[in-house]
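No lab work stands behind these numbers, since they all come straight from the coordinates. Keep in mind it's a predicted model, so treat the numbers as computed, not measured. Every residue, glycine as well, gets a Cβ built from its backbone with ideal geometry; the counts of neighbours run over all protein chains shown.
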Amino acid sequence: MAAPSPRSVDPDTPPPGARSLSCVIPCFNEGANLRHLLPLLEDVLWATRMHWEIIVVDDGSTDDTAAVAEAWCDLSGFRCISLSRNFGKEAALTAGLAAAGGDAVVLLDGDLQHSPELIHAMLAQWQAGAEVVYAVREARHDESRFKQLGSRLFYRLMNDSDRFSVPKDAGDFRLMDRKVVDALKSLPERSRFMKGLYAWVGFRAVALPYTPAPRTQGASSFNARRLVSLAIDGLTAFTTWPLRMVSVVGLLFAVPALSYGIFVAIDHLLFGNAVSGWTTIVVSLMFFIGIQMISTGIVGEYIARIYEEAKGRPLYVVRQERGTGLGAGQP
């Protein structure tokens, strides 16, 4: 479906006093998928009999994502926010949350892997008292062995703290109550790892198992390099164990080294044995220099986060907005 069809009569008009729902879709080069997703999502939202809006956040796409989304903005309930360049998914999600005005907000990707039909089940849990309803992948059989192992290691390291826990295999596909959205908007940091922020704010959360559908068009922009970068952002934003690990490793190597140095000195003074082993000394020196460089790099990652926060730049810049969403009072 290349363009929206005009509506002469709005089906299933929400009753008086109906609550409102916002759907936020961060997109980067998802024009082909949006052509299929938007009409499907519109049908699902009409069936809820709630006031609703669909907010597409174009994260600096180089294809026709913005044009496809803006074509729908002539209809009530649709809104497109175009960022000035690609700021990343975390920034696009933040921009969508800042614009969303519904009593509940649903986040879903624009690649059709997050089925709009699951929104009905999310709303049922929300109406039953849940404040967060997050979708959890039932299996990862479609991912490489390396990615599966990396995912397990990441969540194990992230959840090392007992203060809060990031749910395993849960992504951005979720419904959040207005109070949860307001709590997320109040967090000031610019280096945002959204999965960690969802867990940090707390609230009553319910998991909803699902199986992602295959992408209908294109390929994911999250390659191995970006996934590793995102994992480092999460670990440095919510844990301090890498810094503690530097201290522990330093202690583990310093004590044996000091003990060995005392042993060599006593052996030379008492028995006159010559100090030898230049090869061992050189190898040990290179090894310890490597440990020092790694330790400096870990500390540098935290300093870089402080530097980013200290600059105080905005998380994103909006180039253009189209549509009114819930602002026009319809649908």
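Considering every alpha-carbon pair of region 37-86, the percent of pairs per 5 Å bin, from zero through the bin containing the longest distance, is 5, 21, 29, 21, 14, 7, 3, 0. Protection proxy ranking for 189-198, 109-118, using the average of other Cβ atoms within 10 Å per residue and placing the highest first: 109-118, 189-198.
Scanning residues 5 or more positions from Ile54 or on other chains, those with amide H under 5 Å from its amide H are Cys23, Phe78, Arg79, with H placed 1.01 Å from N in the peptide plane. For a Förster distance of 25 Å, can you work out the FRET efficiency between the beta-carbons of Val299 and Val255, rounded to the nearest 0.05? E between Val299 and Val255, to the nearest 0.05, is 0.70. Distance between the pseudo-spin-label points of Glu117 and Thr211 (7 Å out from Cα toward the beta carbon): 1.2 nm. Relative to the current alpha-carbon distance between Arg49 and Lys185, full extension at 0.36 nm per residue lengthens the span by 46.2 nm. Modelled this way, with points 7 Å down the Cα-to-C-beta line, the labels at Ile262 and Glu138 are 6.2 nm from one another. With one equal scatterer per alpha carbon and no solvent term, the Debye-computed log10 I(q)/I(0) for region 16-150 at 0.10 1/Å reads -0.34.
A protection proxy built from the mean count of other Cβ atoms within 10 Å ranks the segments 54-62, 199-207, most packed first, as 54-62, 199-207.
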